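Remarks on the structure that follows.
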Amino acid sequence: MTRNALTTQLIDPCSGVDHHRYGFELPARAEYVSRARRLARERLRCWDIDGDIHDSAMLVVSELVTNAVVHTDGRLVACELLNGETNLRITVRDQGCAPTGPHVCDPLEEERGRGLLLVEAVSSAWGAHVSRTGQGRVVWAELSYGAGRVPRPRSPYGRESQC
């Protein structure tokens, strides 16, 4: 299959060794933010992640992907979920942004730009750095599971193979 900006690139953890990692690429267009949420929601369901972590993850995916679409000039946005022992890490990579990078805005002074303020509020940690490829920026957020949670990926075999 030929890959272009309109083709979703899925990185399926069921085909490899690491069943705790999932990623995808989407066109950097506003109408694909809902698809990013849907793909993340499906993966969280496969990992049996629900409740507050699920809701916070949906907010973080929505805000980070939206920022990557609105504030960059790239053609693609990549999103990765890493289901760790103590937290869920959400990473969004764009193909280029302003030199100052993402920052939390003062909600009293600006009408827009509160997305990272929300991300900061629901995350145990978040940050940004230049992509290793040198093109674009990576913005990440971590959501802590709390004590006693062990990640439970579903089996890549049998009827659950879609996960």
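The values are calculated or read from the model by the stated rules, or taken from the named source; none is laboratory data. Small disclaimer: the values here were computed from a predicted structure and weren't measured. For neighbour counting, all protein chains shown are included, and Cβ atoms are generated from backbone atoms with ideal geometry for every residue, glycine included. The protein model used for the area step is the full one, side chains on, heavy atoms only, and it has no ligands, DNA or RNA in it. Shrake-Rupley method; radii C 1.70, N 1.55, O 1.52, S 1.80 Å.
Considering only the range 1-40, how many residues are of a type in the set (Ser, Thr, Tyr), under 16 Å from the mean Cα position of the chain (by Cα) and at pLDDT below 50? Count: 1. Summed over the range 17-41, residues that are touching a Cys at 6+ places or on another chain (Cβ under 8 Å) and either of a type in the set (Val, Ile, Thr) or part of a helix (DSSP H, G or I) (or both) total 3. State which residue is farthest from Leu26 (Cα to Cα) when the search covers only the range 64-77 and only residues that are out of contact with any Cys (no Cβ under 9 Å at 6 or more places or on another chain) and open to solvent by 40 Å² or more (accessible area, probe 1.4 Å). My answer is Val70. Scan the range 26-38 for residues that are crowded, with 21+ Cβ neighbours inside 10 Å and more than 11 Å from Ala68 (Cβ to Cβ) and the total you get is 0. If Arg43 satisfies every condition in (1) at pLDDT 95 or above; (2) within 14 Å of Asp94 (Cβ to Cβ); (3) open to solvent by less than 20 Å² (accessible area, probe 1.4 Å) but one, which is the exception? It fails just one condition, (2).
Here Cys105 meets the list (1) modelled with pLDDT under 80; (2) open to solvent by 30 Å² or more (accessible area, probe 1.4 Å) almost entirely, failing just condition (2).
Residue-wise test of (1) at pLDDT 75 or above; (2) open to solvent by less than 80 Å² (accessible area, probe 1.4 Å); (3) within 23 Å of Asp50 (Cβ to Cβ); (4) assigned to a strand (DSSP E or B).
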residue: Val119; (1), (2), (3), (4): yes, yes, yes, no
residue: Ala128; (1), (2), (3), (4): yes, yes, no, yes
residue: Thr133; (1), (2), (3), (4): no, no, no, no
residue: Trp140; (1), (2), (3), (4): yes, yes, yes, yes
residue: Val150; (1), (2), (3), (4): no, no, yes, no
residue: Pro153; (1), (2), (3), (4): no, yes, yes, no
residue: Cys163; (1), (2), (3), (4): no, yes, yes, no
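When the range 113-142 is filtered for residues that are under 15 Å from Thr72 (Cα atoms) and of a type in the set (S, T, N, Q), the ones remaining, listed by number, are Ser131, Gln135.
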